[in-house]
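Have a look at the structure below, then the notes.
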Amino acid sequence: MLQVKRRTIFFYLLPIIVMILFINMTPILYTLYLSFTNNTEFNESYNFVGLANYIHLFFTSDSDLYYVLALTVLYVVICVALFVLVGMVTALALNHPKVKGSAIWMSVLLVPWAAPAAITALIWKFLFNYDFGPINEIGRIFFGAHFGVPWLTNPVAAFAAVVIVNVWLSYPFFTVVMLGALQSVPKEMTEAASVDGANAWQIFWKVTFPQLRPAVTPVTILSAITTFQMFTTVYLITAGGPITDPAKPGATTFVMIYMYNQVLGASAANIHYAQIAAFSITVFIILGALTFLARALGTRRSEVQA
Amino acid sequence: MNEELSGNILKAESGRALSAAGTAAIAKERVHAQSRAEVARLRFLRNLPVVLIYLYLIAMAIFALFPIYYVVQASLAGDQNLYATSLQLFPGNPTFSNYVYAFTQEPVFNWLLNTTFVCALSTAIGLFFSLTGAYALSRFRFRGREASLSLLLALQAFPGLLAITAYYYLLQYLNLLNTAPLVGLALVYAAGSLVFGTWNMKGYFDTIPVDLEQAAMIDGATMWQAFWKVTLPLAAPALAASALFMFVGSYTEFALANFVLNANSNGSNLTFILGLNALQGTYTTPWGYFAATAVIVSVPLMALFLYARRFFQSGLTVGGVKG
């Protein structure tokens, strides 16, 4: 600790205070303010309307909120489940005592982690192309010339495509975390279980998996939160499409993409900034609650361990 | 309960002893009876899990490398199969013509220059604005210190994307939107990286003994000199790691850049991720050019990443773990 005058402390803190107030806080507060007005692109003389935007968002039947939220939650659940599954199987494979050269496998399998995500998203879009994309090309070798998965034009296929890309991007992180946790499981424990007659399946579920859980839980919650607010990768591949019903958002319109498309006003004559702001604040409250929950879980866990 | 447990263990013990004896006898019998093929089959079955593991790892390696491999080969395939519908896993006669095209016909240099400018400026601003604050949060005790640290974390939970309209108005208000949109972008990116930078550097400052500065001050240094000449050089790894993360964090930012930057006639005023995205028109994507450009813009980033990995160990783990 350094004993200094209060003025000195203020002088040191001034730059960050200025920056946070002007560039970080102002837009957030302005968005909050907007959400209580009736501002639109063409409504210059807007005024205060109280909670009208929130009521519209939550209680009107043509509100997209629940559809978009449900779609996003579905995406998060599928993605995170696959992250855990693929990450765990890969970690177990690399940790197998008879597998040689695990360092080399590791460096190959971690490549997606080092590659810049936005660029690889565009590359994946290229791979998914219906006519020229290599995925369909390879399919044509096996299933004849008329084979083709409409990756980016069929709702289910597009959803699967963005899941595949997200798994590709995220499994290395899970593999690293789980491999670290696996290597910290004392060998004696699995050996003891095996001496006591447990088979490989029992050893995994009863001995190894409980040891993995403390490492895996926070990572899972964290990646659920980041997947919930995923934007760039999905947007660059599908832009939220494909749209099958003009009254509903597209099949990969997750919360951030929905908001962005609304702001760009691609599908509307008049951009309703106030309603978008209300949507943003709602999403922020959900995210804040999730983050708070994650941190609460995290501290409880570390207290138990300590 | 205990008795039941020990009973179970005893049962298991005896069962295993029996089965062990049984297997030994069967094995002895088999050694005489079985043909060599039978032995080979048994060995294969015993090794089957390992074989399956290797197959899985090979499949995963293909999954991991395929996109990158494919884009590299497409970039080298030349322009003869720009819209080719026949699959090529290896280009017949590799050529650099796509790279030549990208550098001569497309504003790749401008994109890289714009992106580097935005990232460097945002890193500089971000470091400048978080450095003294991080030092104060680490070294001084004042009312509201804990609250400020929590407030920073709460801010981090708010994705800037949600306030994109407000950011647009802010840049308009600062008169940056039309005159210097790249500076505006850098400002917003810097604000986004403040929390990470502050926490990371505060954590690292915490690990540097305060005695060093006190010694310097006893020797006649001012507060500022002690910070600037003693602590800062010691915190170089944390500075480097923070700077790198700030730089890389804004390198491929798409949402705000796409919102703020309006492409001019040949798109030379864009950042590269916008340019790369613009290359992917729906019907007329020149795949070879796209692939070459993607490789060109990825290389600096991955090189930076590999070069800076050595800083991570000291700068990020030490700084990041300590709260």
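All of the numbers you see were taken from the coordinates with simple rules; none came from a lab. Because the structure is a prediction, the values reported are computed rather than measured. For neighbour counting, all protein chains shown are included, and Cβ atoms are generated from backbone atoms with ideal geometry for every residue, glycine included.
In table form, for the structure just shown:
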item	result
Neighbour cut-off at most 16 other Cβ (10 Å), DSSP loop, trypsin sites (Lys or Arg not before Pro), segment A:93-136	A:Lys98, A:Lys100
Computed label-point distance, nm, for sites A:Asn270 and A:Phe292 using a 7 Å Cα→Cβ extension	3.6
Per-residue average of Cβ from other chains inside 10 Å of B:129-138	5
Per-residue average of Cβ from other chains inside 10 Å of A:25-34	5
Within chain A, longest stretch clear of exposed chymotrypsin sites (Phe, Trp or Tyr not before Pro) (DSSP loop, no more than 16 other Cβ within 10 Å)	A:148-306
Spatial extent of chain A: Rg and Dmax, with the Cα atoms as the point set, Å	24.4, 79
Karplus (6.51, -1.76, 1.60) ³J(HN,Hα), θ = phi - 60°, over segment A:49-59, in Hz, Gly and Pro reported as x	10, x, 8, 3, 5, 5, 5, 4, 5, 8, 10
Helix A:6-19 axis, angle to chain A major axis (alpha carbon atoms, nearest 10°)	80
B:Ala59 versus A:Arg6: modelled label distance in nm, points set 7 Å from Cα along the beta carbon direction	6.7
Qualifying chymotrypsin sites (Phe, Trp or Tyr not before Pro) for segment B:122-224 [loop in DSSP, other Cβ within 10 Å: at most 16]	B:Phe142
Fluctuation leader among A:Leu51, A:Leu179, A:Leu236 - chain A, Gaussian network, Cα springs under 10 angstrom	A:Leu51
Segment A:72-120 shape via C-alpha gyration tensor axes, a/c threshold 1.5	oblate
Inter-chain Cβ neighbour average for residues A:108-117, partner chain, 10 Å	5
Under 5 Å, built H, 5+ apart or other chain: amide partners of A:Thr37	A:Val49
Residue-wise HN-Hα coupling along segment B:212-225, computed from phi with Karplus coefficients 6.51, -1.76, 1.60 (Hz; x: Gly, Pro)	4, 5, 4, 4, 4, 6, 5, 6, x, 6, 7, 3, 5, 5
Cβ-derived FRET efficiency at R0 25 Å, A:Val89 paired with B:Arg43, nearest 0.05	0.50
Taking chain A and dividing mean pair separation by its residue count, relative contact order in percent (alpha carbons under 8 Å, at least six apart)	27
Cβ-based exposure ranking for A:Met88, A:Met25, in which fewest neighbours within 10 Å come first	A:Met25, A:Met88
B:Leu304 versus A:Leu222: modelled label distance in nm, points set 7 Å from Cα along the beta carbon direction	2.2
Alpha-carbon Rg with Dmax, taken over the protein assembly as shown, Å	28.6, 98
12 Å beta-carbon shell around B:Glu213, net charge (K/R +1, D/E -1)	0
Charge-dipole axis of chain A as Lys and Arg at +1 and Asp and Glu at -1 on Cβ define it, positive-most pick from A:Asn129, A:Asn38, A:Pro112	A:Pro112
Computed [θ] at 222 nm, helices only, for the protein assembly as shown once each DSSP H run of length n ≥ 4 contributes -39500 (n - 2.57)	-23000 deg cm²/dmol
Euclidean distance between Cα centres, segment A:98-149 to segment B:141-159, Å	42
Estimated vicinal HN-Hα couplings, Hz - segment B:231-239 in sequence order (Karplus 6.51, -1.76, 1.60; Gly, Pro = x)	6, 4, x, 5, 8, 3, x, 5, 4
